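Notes follow once the structure below has been shown.
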Amino acid sequence: EPEVTQTPSHQVTQMGQEVILRCVPISNHLYFYWYRQILGQKVEFLVSFYNNEISEKSEIFDDQFSVERPDGSNFTLKIRSTKLEDSAMYFCASRAIRDDPLNTEAFFGQGTRLTVV
Amino acid sequence: AQSVTQLDSHVSVSEGTPVLLRCNYSSSYSPSLFWYVQHPNKGLQLLLKYTSAATLVKGINGFEAEFKKSETSFHLTKPSAHMSDAAEYFCVVSEGYSTLTFGKGTMLLVSP
């Protein structure tokens, strides 16, 4: 069964450093997402991406964040200067496009646990 | 705007007894509704989805959910809990492709 893969599974970084989280969506999917889950809190939407541009973004997704689809398979989330409060589990997801959007679910990766120290 | 309310942060059941996890949603349009499950240290797995074809939806591992438009609810049920069902469950609403909105999650605890 096709799946979304994320690397690395864990990353520890120092405050102020840049990190890039990587995702390989399912190959025929066209809509991509990043979500995060701070420990003990709800899953929060960060950004959605379609047709090589951001479709929608949340208030969390400020100038410190950026997304890119550098080639035909990868989808990355970059945090330019990490803060302690960026520590969270980051989930990538992808979704197919069909005539009926009600009939398409998002497939999530296993997540990258980011720890900022 | 869409939103989801999961009414219980924790639900405790005994193995073999029924499970009910409650979810209410708010949506301006006809939404898609999903239940995802997250086992400890694992990713998010789709349990089931409502896509307007039928109001009673069957998912994996014996779970079901019923869409009730009049009550704006999409409660998740299972007739008989198993120890392996212990996990966190998320109700999710989507009004198209651009976002999926998660509820706060319900932790299901199953005791022997």
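So that you can scan it fast, the table gives a plain yes or no per residue for (1) more than 11 Å from the chain's Cα centre (by Cα); (2) closer than 27 Å to A:Gly111 by Cα; (3) in a strand (DSSP E or B); (4) modelled with pLDDT of 95 or more:
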residue	(1), (2), (3), (4)
B:Gly16	yes, no, no, yes
B:Leu20	no, no, yes, yes
B:Tyr36	no, yes, yes, yes
B:Asn41	yes, yes, no, no
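Take B:Val37 and decide whether it is among the hydrophobic types (A, V, I, L, M, F, W, C), within 13 Å of chain A (Cβ to nearest Cβ) and in contact with a helix residue (DSSP H, G or I) (Cβ under 9 Å, 6 or more places away or on another chain).
Here the answer is yes, as B:Val37 does meet what is asked.
Can you name every residue in region B:53-95 that is part of a loop (DSSP other than H, G, I, E, B), surrounded by 15 or more Cβ atoms within 10 Å (Cβ to Cβ) and among the small types (Gly, Ala, Ser)?
B:Gly59, B:Ala81, B:Ala86
Do any strands (runs of 3 or more DSSP E) lying entirely in region A:56-117 carry at least 2 residues that are within 14 Å of another protein chain (Cβ to nearest Cβ) and within 18 Å of A:Gln17 (Cβ to Cβ), and which ones are they? Break it down stepwise before answering.
Working: elements: A:65-68, A:75-79, A:88-95, A:112-116.
The qualifying strands (runs of 3 or more DSSP E) are A:88-95, A:112-116.
Can you name the residue in region A:66-102 that is aliphatic (A, V, I, L, M) and surrounded by fewer than 18 Cβ atoms within 10 Å (Cβ to Cβ) and, of all such residues, is nearest to the chain's Cα centre (by Cα)? Please lay out each step first, then the result.
From region A:66-102, those aliphatic (A, V, I, L, M) are A:67, A:77, A:79, A:84, A:88-89, A:93, A:96-97, A:102; that's our starting set.
Now restrict to residues that are surrounded by fewer than 18 Cβ atoms within 10 Å (Cβ to Cβ): A:84, A:96-97.
Details: A:Leu84: 18, A:Ala96: 16, A:Ile97: 18 Å.
Among them, the one singled out is A:Ala96.
For A:Ile20, state whether it is assigned to a strand (DSSP E or B), in contact (Cβ under 8 Å) with a residue 40 or more places away in the chain and among the β-branched types (Val, Ile, Thr).
When the stated conditions are applied, A:Ile20 passes them.
Please work out if A:Tyr90 is in contact (Cβ under 8 Å) with a residue 60 or more places away in the chain and of a type in the set (Phe, Trp, Tyr).
Values: in contact (Cβ under 8 Å) with a residue 60 or more places away in the chain: yes; of a type in the set (Phe, Trp, Tyr): yes.
Spelling it out, A:Tyr90 is indeed in contact (Cβ under 8 Å) with a residue 60 or more places away in the chain and of a type in the set (Phe, Trp, Tyr).
Using the structure shown, decide if A:Tyr50 is within 20 Å of B:Ser94 (Cα to Cα), in contact with a Gly (Cβ under 7 Å, 6 or more places away or on another chain) and buried (at least 16 other Cβ atoms within 10 Å of the Cβ).
no
So A:Tyr33 passes all but one of these: (1) away from chain B (no Cβ under 14 Å); (2) surrounded by 15 or more Cβ atoms within 10 Å (Cβ to Cβ); (3) under 10 Å from the mean Cα position of the chain (by Cα). Which condition number does it fail?
The one condition A:Tyr33 does not meet is (1).
Please tell me if A:Glu105 is surrounded by 13 or more Cβ atoms within 10 Å (Cβ to Cβ), without any contact (Cβ under 8 Å) to a residue 12 or more places away in the chain and either among the polar types (S, T, N, Q) or more than 26 Å from B:Glu88 (Cα to Cα) (or both).
Taking the combined requirement at face value, the residue does not satisfy it.
A quick yes/no check of all residues on (1) in contact (Cβ under 8 Å) with a residue 12 or more places away in the chain; (2) not acidic (Asp, Glu):
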residue	(1), (2)
B:Lys49	yes, yes
B:Leu56	no, yes
B:Glu64	yes, no
B:Lys68	yes, yes
B:Ser80	yes, yes
B:Met83	yes, yes
B:Glu88	yes, no
B:Val93	yes, yes
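Residues checked against (1) polar (S, T, N, Q); (2) within 14 Å of chain A (Cβ to nearest Cβ); (3) closer than 21 Å to B:Gln2 by Cα:
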residue: B:Lys49; (1), (2), (3): no, yes, yes
residue: B:Leu56; (1), (2), (3): no, no, no
residue: B:Ile60; (1), (2), (3): no, yes, no
residue: B:Glu71; (1), (2), (3): no, no, yes
residue: B:His75; (1), (2), (3): no, no, yes
residue: B:Pro79; (1), (2), (3): no, no, no
residue: B:His82; (1), (2), (3): no, no, no
residue: B:Tyr89; (1), (2), (3): no, yes, yes
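The values are calculated or read from the model by the stated rules, or taken from the named source; none is laboratory data. Computed from a predicted model, the values in this text were never measured in an experiment. Neighbour counts are summed over all protein chains in view; Cβ atoms, including those assigned to glycine, are modelled from backbone coordinates with ideal geometry.
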